Amino acid sequence: MVNITLPDGSIKSFEDIPSGRDVALSISEGFARNCVAVELDGTITDLSTPISGDTAIRLITKKDPEAIEILHHSTAHVMAQAILELYPESKLTIGPAVEDGFYYDIDMEPVSEDDFAKIEARMKEKIRAKLPFVREEVSKEEALAFYKDEPYKLEMLGDLEDGTISFYKQGDFTDLCRGPHLPHTGYITAFKLMKVSGAYWRADQNNAQLQRIYGTSFFDKKALKKYLHFLEEAKKRNHRKLGIAMDLFSFHDEAPGMPFSTPRAWRSGTSCWNTGAKSIRKTVMWKPKRPSC
């Protein structure tokens with residue numbers, strides 16, 4: 001008998017060793033559909049993890065703040081799977097979740113945003129298939145043998161101790177990863193690839209330059225739409241663009257990143273002083289001489 005204590009103090013008892021999903025299903029099927037992971041002894045792990053002894057747990061739902069990072073990281077794996085199918089000569093490095101989404105650094109032929117549509121289409125195939133994310137703990141010897149033709153993964157394995165290595169699989173794709181991940185790819189409701197840039201392996205310019213492909217994902221299509229709208233509005237209000245459009249400053253190759261004020265900007269500043277605008281006096285750090293005109 002395994003006794004599971006929930007955050008509200010209630011106890012669920014199971015004859016056989018349950019997983020986090022089993023505990024969620026004992027509450028309701030609807031609740032289980034919204035669960036993405038489970039917290040055991042302060043560590044968030046996969047919902048499929050067996051719970052072998054009496055313990056207190058917390059089920060992580062789509063509404064919990066930890067869920068979005070799991071979503072982002074799982075989407076990075078789906079993107080990597082799609083890219084390997086479309087660009088078979090590619091070599092994977094790392095694909096972490098970041099604040100607004102995820103990225104994956106890949107040694108591959110150059111791609112542009114024009115290529116995103118076909119990558120996204122292949123990702124949607126994997127999402128519709130609802131491929132389970134399956135964790136497998138392996139020995140270092142097994143991992144080295146599996147990645148014998150993957151130089152970046154071999155280098156990463158060199159930093160890991162035997163007994164601490166795990167793979168995650170979805171379909172025929174396998175990646176070196178600590179996890180946790182979503183129960184299956186179908187949990188990825190909305191996503192978008194955002195941009196691509198260059199990145200040196202391990203941030204060392206003496207190493208190979210990789211393609212860093214960024215994306216974001218959400219559990220709700222409306223949330224993705226809202227986020228993309230926010231980005232568009234932010235672009236419209238970018239001070240660099242506004243300042244140039246209003247002829248307040250300009251940039252030149254002689255001093256990259258340094259704005260040069262235009263006569264219009266100086267006239268705007270002095271007119272504020274002429275009209276005695278108190279708010280401007282409080283915020284402007286410099287005090288121009290009163291104009292002679």
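Structure summary
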read-out	value
Ordering of 23-29, 90-96 by burial proxy (mean other Cβ atoms within 10 Å per residue, highest first)	90-96, 23-29
Two-decimal log10 I(q)/I(0) for segment 2-61, as the Debye equation yields it once each C-alpha is a single scatterer, q = 0.24 Å⁻¹	-0.96
Length released on extending from Asp41 to Thr5, taking residue separation times 0.36 nm less the Cα-Cα span	11.8 nm
Anisotropy class of segment 6-101 from Cα gyration tensor, a/c 1.5 cut	prolate
Set Lys91/Lys236; Lys153/Lys222; Lys62/Lys169; Lys140/Lys192; Lys91/Lys222 screened for pairs whose C-alpha atoms are more than 31 Å apart	Lys91/Lys236; Lys153/Lys222; Lys140/Lys192; Lys91/Lys222
Sequence-distant aspartates and glutamates (8 or more away, or on other chains) whose Cα lies within less than 14 Å of Lys130	Asp172
Cut-off 17 Å (backbone N to label point 7 Å along Cα→Cβ of Asp220), residues of segment 48-77	61-69, 71-72
Protection proxy ranking, peptides 143-152, 183-192, 73-82, average beta carbon neighbours within 10 Å, highest first	73-82, 183-192, 143-152
Shape category assigned to segment 141-194 from the gyration tensor of Cα positions, a/c cut at 1.5	prolate
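Just so you know, all these numbers are worked out from the coordinates, no wet-lab data involved. Bear in mind that the values here come from a model prediction, so they are computed numbers and not experimental data. As a convention, Cβ positions derive from the backbone with ideal geometry for all residues, glycine included, and neighbour counts pool all protein chains shown.
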